[in-house]
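Here's the structure we're looking at; comments come further down.
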Amino acid sequence: MGMTMTQKILARHAGLDEVKAGQLIMADLDLVLGNDVTSPVAINEFDKAGFDSIFDRRKVTMVMDHFTPNKDIKAATLSKQCRDFCNKYDIEHFYDVGDMGIEHALLPEKGLVIPGDLVIGADSHTCTYGALGAFSTGVGSTDMCAGMATGKAWFKVPSAIKFNLTGSLNKYVSAKDVILHIIGKIGVDGALYKSMEFVGEGVRNLSVEDRLCMANMAIEAGGKNGIFEVDEKTIAYVKEKTDREFTVFTADDDAEYDEVYDIDLSTIKPTVAFPHLPENTRTFDEIGEVIIDQVVIGSCTNGRIEDLRAAAEIFRGKHIAKNVRCIIIPATQKIWKMAMNEGLFDIFIDAGCVVSTPTCGPCLGGHMGILAKGERAVATTNRNFVGRMGHPESEVYLASPVVAAASAITGKISQPSEVMEG
């Protein structure tokens, strides 16, 4: 029996000719990631274990993104611990205020992940990098500690689900709608510890940014990882950012999949995930009047320049509704500067929005947009669990940037056509 894309990457990094689902392996790592929340735990374990060196100063990265700029003394202390550790071990890729960004947008932008890589990160959305044909997955801080010291990690080889994509997206429909549709279809445990492998001619009709969005939310279906076939768009994206050599892995024709889903992109409709799970999805023929208090456009899911441009087209010449707060968060400094230079900030500010420095902030209920009891937010983030963005009796509705923008304008959950064509 042949191997999937994920299984081939794992086999290569374990020094094996082949692996099978369920097999336990020890594999070499290409990159170990942590942030200002998870890295301090790993550093504490690193010191406790008596380690005194990093396996490769170029293959460990820490990004200060969750509570930065530091929101309080505790956040400042955590960032300082990371800063001191990276200085001590001369870690090359340490990103702090001024040159950081939201980690899962920043690393691809910096060319730190390439096709065929094996990446672990002490953050569940590390699965984002599968958009580039890499195997990437979230781990605990103790695994991050061991990875920093040894350059290796244990894995159980996952089985896989194939998503065969065809067609192309319609106007006002985005990759966020596709992944919400899939999660709504299979459930938050539908891909539990499985590789979600996206293939088919429809992949070519998705931008790399689209793929980053979809791979990012593989974990919301329980997936071990999400991964896309590498094509000319992937290669062009990677070569623009790094001259590192890479290997493209494709699934064997006889690779085994637990399930196969055929997804015609042209049939996908604007989709919203209602509280309190990403699987609780509805299209607009199922959505009544839902009055909102806040909109957040950003995060590691939808804070890229394509997302901001799409939102700006909805906001252009319009103003957000009274009693609605709208927070725009570009995912990296580069994206922030591009958006500013393109005049997107003028559009956002004229519409009554506020533009933030890059931060994860409100996504995890950290800062920069916490919800009070009873408040509702439409967010382009990836999770809407109870209390995710603040008070446990607040509500988060997940949507695409254009749906979020339209909702900010009307003051209720709305699809773009209501604003642009109504």
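Using only the alpha-carbon atoms, what does the stretch 294-345 span along each of its principal axes? Please give whole angstrom values in decreasing order.
31, 22, 14
Which residues does a label at residue 319 reach in the stretch 397-416, if reach means a backbone N under 15 Å from a point 7 Å past the Cα toward the Cβ?
The answer is 409-411, whose backbone nitrogens lie closer than 15 Å to the label point.
Given the alpha-carbon gyration tensor of the stretch 199-292, what are the semi-axes of its equivalent ellipsoid in whole angstrom, ordered largest first, with each equal to the square root of 5 times an eigenvalue?
Output for the stretch 199-292: semi-axes of 30, 17, 14 Å.
Accessible area, 1.4 Å probe, largest first: how do 129, 257 sort?
Greatest to least solvent exposure: 257, 129.
How far is the Cα center of the stretch 1-57 from the Cα center of the stretch 306-342, in Å?
Using only Cα atoms, the two centres lie 37 Å from each other.
Using Cβ-Cβ distances only, list the Cys residues of the chain with no partner cysteine under 4.7 Å, sorted by number.
82, 86, 127, 145, 213, 300, 360, 363
Note the full-extension length gain between residue 386 and residue 207 as 0.36 nm times their separation in residues minus their Cα-Cα distance, in nm to one decimal.
Length gained between residue 386 and residue 207: 61.2 nm.
Could you bin all the Cα-Cα distances of the stretch 162-227 into 10 Å bins starting at 0 and give me the percent of pairs in each, rounded to whole numbers?
23, 58, 18, 0
Roughly how many Å² of residue 240 are accessible to a 1.4 Å probe, to the nearest 10?
So the heavy atoms of residue 240 present about 140 Å² to solvent.
Given a cut-off of 22 Å, name the pairs among 373/412; 71/110; 74/152; 110/224 whose C-alpha atoms lie farther apart than that in the structure shown.
Long pairs (Cα-Cα over 22 Å): 71/110; 74/152; 110/224.
Provide Rg over Rh for the stretch 332-404; use the alpha carbon set for both Rg and the Kirkwood Rh (inverse mean inverse pair distance).
Rg/Rh: 1.01.
Can you work out the accessible area per residue across the stretch 302-397, with the rest of the protein chains kept in place, probe 1.4 Å, in square angstrom?
40
With Kirkwood's inverse mean 1/r over C-alpha pairs for Rh, give me the Rg to Rh ratio of the chain, two decimals please.
Here the Rg-to-Rh quotient is 0.96.
For the stretch 1-141, what is the accessible area per residue in Å² when the probe is 1.4 Å?
Normalised by residue count, the accessible surface of the stretch 1-141 is 36 Å².
How big is the accessible area of residue 279 in square angstrom, nearest 10, if you roll a 1.4 angstrom probe over the protein chains?
70
Could you pull the Cα extents of the stretch 7-103 along its three principal axes, largest to smallest, in whole Å?
49, 30, 23
With a 10 Å cut-off between alpha carbons and a GNM built on the chain, which of 95, 397, 261 moves the most?
Highest fluctuation among the options: 261.
Hey, can you grab everything whose amide H is under 5 Å from the amide H of residue 259? Only 5+ residues off in sequence or another chain; H modelled, so Pro and N-termini drop out.
Here 162 satisfy the definition.
Between 181, 367, 391, where does the largest GNM mean-square fluctuation fall for the chain, given springs only between Cα atoms within less than 10 Å?
Its mean-square fluctuation being the largest, the pick is 391.
Keeping all protein chains in place and using 1.4 angstrom, which order do 88, 322 fall into by accessible surface area, from largest down?
These residues rank, largest area first, as 322, 88.
Given a cut-off of under 8 Å on Cα pairs at least six residues apart, what relative contact order in percent is computed for the chain?
Averaging sequence separation for qualifying contacts and normalising by length gives 17 percent for the chain.
Sort all Cα-Cα distances of the stretch 33-164 into consecutive 10 angstrom bins from zero, then give the percent of pairs in each bin up to the one containing the longest distance.
12, 46, 32, 8, 1
Within the stretch 200-243, what whole-number % of the accessible surface is contributed by carbon and sulfur, with the 1.4 Å probe and all protein chains included in the calculation?
Ligands and nucleic acids excluded, carbon and sulfur give 44 percent.
For the stretch 167-297, what does the accessible surface come to per residue with a 1.4 Å probe? Please give it in Å².
I get 41 Å² per residue for the stretch 167-297.
What is the Cα radius of gyration of the stretch 274-422 over 2.2 N^0.38 Å, N being its residue count?
0.94
Taking a ≥ b ≥ c as the square roots of the eigenvalues of the Cα gyration tensor of the stretch 232-348, is the shape rounded (a/c under 1.5), prolate (a/b larger than b/c) or oblate?
oblate
Which lysines, on any chain, are close to residue 171 with Cα under 20 Å apart, when same-chain ones fewer than 8 places away are left out?
Partners within reach: 269, 318.
Could you report the accessible area of residue 359 in Å², rounded to 10, computed with a 1.4 Å probe on the protein chains as they sit in the structure?
Rounded to the nearest 10, that gives 0 Å².
Give the ranking of 159, 356, 266 by solvent-accessible surface, highest area first, calculated with a 1.4 Å probe.
Descending accessible area places them as 266, 159, 356.
Measure off, as a whole percent, the carbon and sulfur share of the 1.4 Å-probe accessible area of the stretch 326-422, all protein chains present.
Accessible surface attributable to carbon and sulfur in the stretch 326-422 totals 52 percent.
The values are calculated or read from the model by the stated rules, or taken from the named source; none is laboratory data. This structure is a prediction, so every number in the text was calculated from the model and none was measured. Ideal geometry is used to build each Cβ from the backbone, glycine not excepted, and the neighbour counts take in all protein chains shown. Each accessible area value is taken on the protein alone, full model and side chains, heavy atoms only, with ligands, DNA and RNA left out. Shrake-Rupley method; radii C 1.70, N 1.55, O 1.52, S 1.80 Å.
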